[in-house]
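> Have a look at the structure that comes next, please.
The values are calculated or read from the model by the stated rules, or taken from the named source; none is laboratory data. The model shown is predicted, which means the values in this text are computed figures rather than measured ones. Glycine gets a Cβ as well: all are built from the backbone with ideal geometry, and neighbour counts include every protein chain shown. For the accessible areas, the whole protein counts, side chains as well, though only heavy atoms, and no ligand, DNA or RNA atoms are used. Shrake-Rupley method; radii C 1.70, N 1.55, O 1.52, S 1.80 Å.
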Amino acid sequence: MKKLALFAVSLLMLASLSAQAQVVRVRGTITSLDGDVLSVKSREGKDMKIQLAPDAQVVTTKKVKAGEFKPGSYVGVTSVKGADGSLVAVRVHALGPLVPQMHGAWDSIPGSMMTNSNITGITKMGKKGSELTLKNKEGEQKILVNSKTEYFNFVPGTRADLKPGATIFTGARVDGDKFMTQRVAVSKGGVKPPQ
């Protein structure tokens, strides 16, 4: 009986890992929208067709000021290591409550990290900028923000914003040979999605 229970748990774990591995990050430029099919030239130069869910959310990207983010804000921070080894934020963007917490390697900038967390504190560091304290399930991180850090928020968009030439970011679920998504962030007014 124990062996059967262990086998069942192992299968569930494998299924969970498989499901997690089935989401790919897509960054690219829209080439067309035909009904629910969004055609994109990926950052790597690959032609992709992404099936939009009937209720897929479209959001547009907007640059904002640092003051929009305060303790309690749920954010994604793209950071790189500074000369002294500490993390320095390149971009800070708002996150929705359904985005999972994380702190780990990211692929938007070579050598970058992504931290999805609540801001628990902001400490002024003089001329260096400010230090964000972020807490999530993986612990506490301290990340410096400075005059070069960019800040972004998202506003509701529509499918009319999915125009050829616009830049998108989406986490697409792989379903056989298809890519499917529930949410697309799209550039607007020259402001590209920060992820």
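> Tally up the residues in the stretch 67-89 that are closer than 24 Å to P156 by Cα, surrounded by 17 or more Cβ atoms within 10 Å (Cβ to Cβ) and either touching a helix residue (DSSP H, G or I) at 6+ places or on another chain (Cβ under 9 Å) or touching a residue at least 60 places away in the same chain (Cβ under 8 Å) (or both), please.
Final tally of qualifying residues: 4.
> Could you list, in sequence order, the residues of the stretch 114-139 that are open to solvent by 50 Å² or more (accessible area, probe 1.4 Å) and either within 16 Å of the chain's Cα centre (by Cα) or in contact (Cβ under 8 Å) with a residue 12 or more places away in the chain (or both)?
Across the stretch 114-139, the qualifying residues are N118, T120, I122, M125, K128, K135, K137, E138.
> Yes or no: G157 closer than 27 Å to V88 by Cα and either free of Cβ contacts under 8 Å to residues at least 12 places away in the same chain or not charged (D, E, K, R) (or both)?
Here the answer is no, as G157 does not meet what is asked.
> Okay, moving on. The conditions are (1) modelled with pLDDT under 95; (2) farther than 25 Å from K128 by Cβ, and P110 fails exactly one of them. Which is it?
(2)
> Give the stretch 32-55 a look and list any residue that's of a type in the set (D, E, K, R) and touching a residue at least 60 places away in the same chain (Cβ under 8 Å), or say none.
Answer for the stretch 32-55, where residues must be of a type in the set (D, E, K, R) and touching a residue at least 60 places away in the same chain (Cβ under 8 Å): K49, D55.
> Return yes or no: is G165 at positive phi, open to solvent by 40 Å² or more (accessible area, probe 1.4 Å), in contact (Cβ under 8 Å) with a residue 12 or more places away in the chain and not aromatic (F, W, Y)?
Here the answer is yes, as G165 does meet what is asked.
> Also: So, in the stretch 94-110, of the ones that are open to solvent by 70 Å² or more (accessible area, probe 1.4 Å) and in contact (Cβ under 8 Å) with a residue 12 or more places away in the chain, which residue ends up farthest from T61 (Cα to Cα)?
Taking the candidates together, the pick is P100.
> Could you please give the count of residues in the stretch 43-61 that are assigned to a strand (DSSP E or B) and surrounded by 15 or more Cβ atoms within 10 Å (Cβ to Cβ)?
10
> Could you list, in sequence order, the residues of the stretch 140-150 that are open to solvent by less than 60 Å² (accessible area, probe 1.4 Å) and under 20 Å from Q101 (Cβ atoms)?
The answer is Q141, I143, V145.
> Would you check which residues across the stretch 172-183 are surrounded by 18 or more Cβ atoms within 10 Å (Cβ to Cβ) and over 8 Å from I50 (Cβ atoms) and list them?
The one that is surrounded by 18 or more Cβ atoms within 10 Å (Cβ to Cβ) and over 8 Å from I50 (Cβ atoms): R183.
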